[in-house]
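Quick note: the coordinates plus some simple rules give every number you see, no bench work behind them. Everything quoted here is computed from the prediction, not taken from an experiment. Here the Cβ positions follow ideal geometry from the backbone for every residue, glycine too, while neighbour counts run over all protein chains shown.
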Ligand code: ATR
């Protein structure tokens, strides 16, 4: 019988994860099934235990359950503990192991797919919610010279910066704090584009070689990337590559094989632009 995996979210119908993992399974010759499962907003733990009882070997977790998954796990990877959120679960012998591959996916997309080294760079991270928290430690591991956090609510950026102070001295504040500062990389980890709102970016953030990276993606240019391009960002990238890379990292956790992401990313990109 094929090994069973799933992604849990709410909503989940438009998730690209089943197609991504199906392609990975074919390219690596793994005998597995991967399904999308809708969990009720107040019923994540029950949905997962039903899945484990049915033989589920592992799962991905997406919005809004990553913090529920963090609490449900009885063992955590170091990166999940740091992130305070779990996007990958492994079920074995009654244990629920929680991992977080989002930050690794972001870093791999930037350094490997885009060929952009983060070492020695000045990075500005926009947002101080769960998405931002999840990528800070993996970004710091790339040894940037500066990692600063800008958030609509300054206090949340300050709290987040302080939470990682044992790893590196981070700055945190509201957007206006960075007026007159420029960065090599600006990463949008806010949820502003979900509501179609644009961010109050100071005008001098980008120089010609700057990379603007949006962890969101969609058909066409995201509002953040549109603004970044107008403000002079040399290079713009959306989060589709991060989506595929975090999936590949989860696949590696489950199956011990890192799938080739290039063809899958190209196919998804063709689907978005086609
Ligand atoms: P996620 O898990 O996606 O990070 P979250 O924890 O709710 O979601 O965090 C959302 C982030 O997007 C926060 O940093 C939020 O800013 P506040 O802390 O000030 O709420 C940010 N955000 C959402 N809508 C925004 C908007 N219209 N403009 C600026 N920032 C916004």
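Using only alpha carbon pairs under 8 Å that are at least six residues apart, calculate the relative contact order of the stretch 3-100 and give it in whole percent. Please list the in-between numbers first.
Details: 176 pairs, mean separation 27.4, N = 98.
About 28 percent, as a whole number.
Taking a ≥ b ≥ c as the square roots of the eigenvalues of the Cα gyration tensor of the stretch 135-274, is the shape rounded (a/c under 1.5), prolate (a/b larger than b/c) or oblate?
It comes out oblate by the Cα gyration axes.
Could I have the simple spin-label model distance between residue 260 and residue 19, label points 7 Å from Cα toward Cβ, reported in nm to one decimal?
Distance between the two pseudo-spin positions: 2.0 nm.
How much length is gained if the chain between residue 191 and residue 267 is pulled fully straight, taking 0.36 nm per residue apart and subtracting their Cα-Cα distance, in nm to one decimal? It would help to have the intermediate numbers written out before the result.
On the way: separation 76, 0.36 × 76 = 27.36 nm, distance 2.56 nm.
Going from the current span to full extension adds 24.8 nm.
Could you grab the Rg to Rh ratio for the chain? Cα atoms only, Kirkwood for Rh.
My calculation of the ratio gives 0.97.
Could you give the distance between the Cα centres of the stretch 227-253 and the stretch 145-206, to the whole Å?
Centre-to-centre (Cα) distance: 18 Å.
Taking the number of other C-beta atoms within 10 Å as the exposure measure, put 219, 66 in order starting with the fewest.
In increasing order of surrounding Cβ atoms, one gets 219, 66.
Quickly rank 94-107, 240-253, 11-24 as a protection proxy: mean count of other C-beta atoms within 10 Å, highest first.
Numbers: 94-107: 22.6, 240-253: 24.3, 11-24: 17.8.
Most protected by this proxy first, the peptides run 240-253, 94-107, 11-24.
Which FRET efficiency value, to the nearest 0.05, do you get for residue 203 and residue 38 by plugging their Cβ-Cβ distance into 1/(1 + (r/R0)^6) with R0 = 35 Å?
Using R0 = 35 Å, I get an efficiency of 0.25.
What percent does the relative contact order of the stretch 143-274 come to when contacts are Cα pairs within less than 8 Å and at least six residues apart?
Numbers: 193 pairs, mean separation 21.8, N = 132.
With pairs under 8 Å counted, the relative contact order is 17 percent.
Can you give the extra length, in nm with one decimal, that the chain gains between residue 219 and residue 176 once fully stretched, where that is 0.36 nm per residue apart less the Cα-Cα distance?
12.5 nm
State the extension gain, in nm to one decimal, for the chain segment bounded by residue 162 and residue 28, taking 0.36 nm per residue of separation less the distance between their alpha-carbons.
In short, 44.1 nm is gained.
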